[in-house]
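Written below as structure tokens is the structure these notes are about.
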Amino acid sequence: MELEEIVIYLFILITGACIGSFLNVVALRAISKESIILPPSKCPNCSAQIKWYDNIPVLSYLFIFRGKCRNCGCHVSLQYPIVEALTALLFLGIFLMFGASIKTLVLLILLCLAVVLIITDLKKEYLYDSHLWSFIIISILYSVFFRYGVNNIFSVLTGALAGALLMEIIARGAYFLVRKENNGNEEDTTDVNNIEIDEENLDINAYVKKYKRVFGEGDSYLAAGVGALLGWKYLILAVAGAVIVQALCILPQFFKSLYDKKEFKLLASISAFIGIAIIYWLCSNIFSLNIFVVFALVILLIFFAIDSIIRLKKSVNESGFKAIPFGPALLIASFIILFYGNYITQFLKKYIFFI
Ligand SMILES: [Zn+2]
């Protein structure tokens, strides 16, 4: 590496870290409903104003105030340095992929919006309209100018619509599955019109009952943005990827708890999924499978995957485990697919679907 390159990379890392620091503020002040510009940074516990030398991204946390407020000694959340460091690294990564260009700039803006959405979803399980609409609009602009071309604006909008529709179907469809599971023959007599929803302290059970859906509209808007960004084919891949990201977060905690609890239905469902997957894999390697058999096996796989995931989520909720919400998982999967979608589809075609 030449000196010039090192200076450029350092500059990008520092810029990324500073913007990451700003994104923390944007997300947290959206939650606290304060202005982004005023008041200046203060300790969330004692409200002491933060000095400039304590406000240097990552470095201050690690070396200067070491995670504790100077004034009251309270613990300062690790969220700050983690978001700053990740934003810096992702900035550098995107720059290395696409160089100094308008495309890079637009991707960095999308990344910033994704970071803010992820923080508010993780902290509050809430996505704010202003962030969602910005994400949708920038996604459409990115797709129109850098992916599909101005002539194909219709397919970009179709992708957005597909995203919103898909999530609406899942949210409402899953409600009927879950309701059957929970109530059995009992009729729920609560009058849904009397349920009050407090947006500040969301009671998820009341929400599910009142709106007859298992997650909020925020995820539908988010999926509209992802659909515009990726197109409807990759959108489906991204939703599947999000479920995998969530499962990866849950699985280690979950298998640990299998030692304590005896979850036979869940075990049966997961075993069925793995069993069919192995049969499918072996058969497709040995015989050339009829397209209808492939279709039937894939439907069975999807059925047991969804069944396992619903049971898994219930079991995890009852155990007090925390899965990351769907929104952040979808955003993480979407960015991976935005950059590596071609490789992933090639891999799937070659090794999973044998096309
Ligand atoms: Zn303090």
- Message: Quick check on packing: order 221-227, 114-120, 79-85 by the mean number of other C-beta atoms within 10 Å, highest mean leading.
- Response: 221-227, 114-120, 79-85
- So what are the ³J(HN,Hα) numbers for segment 70-79, from phi and the Karplus equation (6.51, -1.76, 1.60; θ = phi - 60°), rounded to whole Hz, Gly and Pro as x? 4, 7, 10, x, 6, 6, 9, 4, 5, 3
- Item | Cβ crowding within 10 Å averaged over residues, with 232-238, 68-74 ranked highest first | 232-238, 68-74
- Acute angle (nearest 10 degrees) that the helix 326-347 long axis makes with the longest principal axis of the chain, alpha-carbon atoms: 70
- Query: What is the dipole size for the chain, taken about its Cα centre, with +1 at each Lys and Arg Cβ and -1 at each Asp and Glu Cβ, in debye to the nearest 20?
  - Reply: 540
- Given K265/K349; K262/K349; K210/K314; K314/K350, which pairs have Cα atoms separated by over 28 Å? K265/K349; K262/K349; K314/K350
- Return the sequence-ordered ³J(HN,Hα) values of segment 305-313 in whole Hz as given by the Karplus equation 6.51 cos²θ - 1.76 cosθ + 1.60 applied to θ = phi - 60°, using x for Gly and Pro. 5, 5, 4, 4, 5, 4, 5, 4, 5
- Message: Taking 8 Å as the Cα distance limit and 6 or more residues as the minimum spacing, I'd like the relative contact order of the chain as a percentage.
- Response: 17
- With the Cα gyration tensor of the chain in hand, convert its eigenvalues to equivalent ellipsoid semi-axes via √(5λ) and list them largest first in whole Å. 37, 29, 21
- Message: Less than 15 Å Cβ to Cβ from V58, Lys/Arg counted +1 and Asp/Glu -1: what total charge do the surrounding residues give?
- Response: -1
- Message: Let me check against my output: what whole-number percent is the relative contact order of segment 7-96, with C-alpha pairs under 8 Å and at least 6 apart?
- Response: 43
- Summed side-chain charge close to Q49 - residues other than Q49 whose Cβ falls under 11 Å, Lys, Arg +1, Asp, Glu -1: +2
- With no solvent and one equal point scatterer placed on each C-alpha of segment 3-150, evaluate the Debye formula and give log10 I(q)/I(0) for q = 0.08, 0.10, 0.19, 0.22 Å⁻¹, two decimals. -0.26, -0.40, -1.20, -1.41
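Computed from the coordinates by the stated procedures, all read-outs in this text should not be read as laboratory data. Given the structure is predicted, the values throughout are model-derived calculations rather than measurements. Quick reminder, even Gly has a Cβ in these numbers, built from the backbone with ideal geometry, and neighbours come from all protein chains shown.
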